[in-house]
Amino acid sequence: SAVISQKPSRDICQRGTSLTIQCQVDSQVTMMFWYRQQPGQSLTLIATANQGSEATYESGFVIDKFPISRPNLTFSTLTVSNMSPEDSSIYLCSVTTAAHYEQYFGPGTRLTVT
Amino acid sequence: GQSLEQPSEVTAVEGAIVQINCTYQTSGFYGLSWYQQHDGGAPTFLSYNALDGLEETGRFSSFLSRSDSYGYLLLQELQMKDSASYFCAAPPGNQGGKLIFGQGTELSVKP
């Protein structure tokens, strides 16, 4: 298993600004992912955070809007850039361990853009 | 494309049995997982099926039929604390760890 923490847990931001979300895992993991979940909706994969190389983005998500860093096997950041109210959502990081089908999720960051 | 379809909501009473269905369409098939998410909480892993048949974990069981591209989560002896959203999820092809989630089924357990 893995224990994941995220910071901040929530924030209220003004449009046009940027927010960086941190994800810390208590053990080294190969695969780390970032998801977005709007209230009452499902989880949408934003990108896979790759250690030592550029993140792999899903369709509809671009690096300029959601730059991701992964400096080591226990830590990643997601930045939401030039925010608009449409970016208001919960952002979750997750990891897999040996069992690729089992993901462990952080508690999420609840972002509100005004 | 890849998609997983679930009912949006299900209501049941304490002590009852409820089944949440999931039909999927993916590029190749590498297993079906189920996650539970309480309001305001993080999703937590419940079960996984790679092969046809039933997997049992306590009060929860999960079933898979690959020929029908169909699975379900069965919850027995329902408790109030089982009120949550339940998501089926599957890898979008053989892409090492990525998951695509269904839209989720909100289960309400009534007394």
Notebook entry, point to check: When only residues in region B:90-110 that are at pLDDT 95 or above and open to solvent by 20 Å² or more (accessible area, probe 1.4 Å) count, which is nearest to the other protein chains (Cβ to nearest Cβ)?
Noted result: B:Gln103
Next item on the list: Scan region A:4-54 for residues that are at positive phi and either open to solvent by 80 Å² or more (accessible area, probe 1.4 Å) or in contact with a helix residue (DSSP H, G or I) (Cβ under 6 Å, 6 or more places away or on another chain) (or both) and jot them down.
Entry: A:Gly40
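Taking the condition away from chain A (no Cβ under 12 Å), closer than 27 Å to A:Ser5 by Cβ and not aliphatic (A, V, I, L, M), does B:Ser69 pass? If you could, list the steps in order and put the result at the bottom.
On the way: away from chain A (no Cβ under 12 Å): yes; closer than 27 Å to A:Ser5 by Cβ: no; not aliphatic (A, V, I, L, M): yes.
Judged against the criteria, B:Ser69 is not a match.
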Checklist line | Tally, over region A:60-103, of residues that are within 10 Å of chain B (Cβ to nearest Cβ) and open to solvent by 50 Å² or more (accessible area, probe 1.4 Å) | finding: 3
Notebook entry, point to check: Looking at (1) more than 9 Å from every other protein chain (Cβ to nearest Cβ); (2) open to solvent by less than 10 Å² (accessible area, probe 1.4 Å); (3) hydrophobic (A, V, I, L, M, F, W, C); (4) not in a loop (DSSP other than H, G, I, E, B), can you tell me which one B:Phe87 breaks?
Noted result: (1)
Notebook entry, point to check: Could you give every pair whose Cβ atoms fall below 7 Å, whose first residue belongs to region A:5-29 and is at pLDDT 95 or above, and whose second residue is among the acidic types (Asp, Glu), counting only separations of at least 6 or pairs across chains?
Noted result: A:Leu19/A:Asp11
Next item on the list: Kindly provide the set of residues from region B:1-57 that are open to solvent by 80 Å² or more (accessible area, probe 1.4 Å), closer than 13 Å to B:Gln103 by Cα and assigned to a loop (DSSP other than H, G, I, E, B), ordered by number.
Entry: B:Ser8
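Restricting attention to region B:58-84, which residues are open to solvent by 50 Å² or more (accessible area, probe 1.4 Å) and either in a loop (DSSP other than H, G, I, E, B) or in contact with a Cys (Cβ under 6 Å, 6 or more places away or on another chain) (or both)?
Of the residues in region B:58-84, the ones open to solvent by 50 Å² or more (accessible area, probe 1.4 Å) are B:58-59, B:63, B:66-68, B:70, B:76-77, B:79-81.
Matches in region B:58-84: B:Gly58, B:Arg59, B:Arg66, B:Ser67, B:Asp68, B:Gln76, B:Glu77, B:Gln79.
Condition first: touching an Asp or Glu at 6+ places or on another chain (Cβ under 6 Å), polar (S, T, N, Q) and over 24 Å from A:Ile4 (Cα atoms). Now tell me which residues in region B:26-62 satisfy that. Write out each step before concluding.
Applying the first criterion (touching an Asp or Glu at 6+ places or on another chain (Cβ under 6 Å)) to region B:26-62 yields B:45, B:47, B:49, B:59, B:62.
Next, only the ones that are polar (S, T, N, Q) stay: B:47, B:49, B:62.
B:Asn49, B:Ser62 - these are the residues of region B:26-62 that are touching an Asp or Glu at 6+ places or on another chain (Cβ under 6 Å), polar (S, T, N, Q) and over 24 Å from A:Ile4 (Cα atoms).
The values are calculated or read from the model by the stated rules, or taken from the named source; none is laboratory data. Fair warning: this is a prediction, and the values are worked out from it, not measured in the lab. Neighbour counts are summed over all protein chains in view; Cβ atoms, including those assigned to glycine, are modelled from backbone coordinates with ideal geometry. Each accessible area value is taken on the protein alone, full model and side chains, heavy atoms only, with ligands, DNA and RNA left out. Shrake-Rupley method; radii C 1.70, N 1.55, O 1.52, S 1.80 Å.
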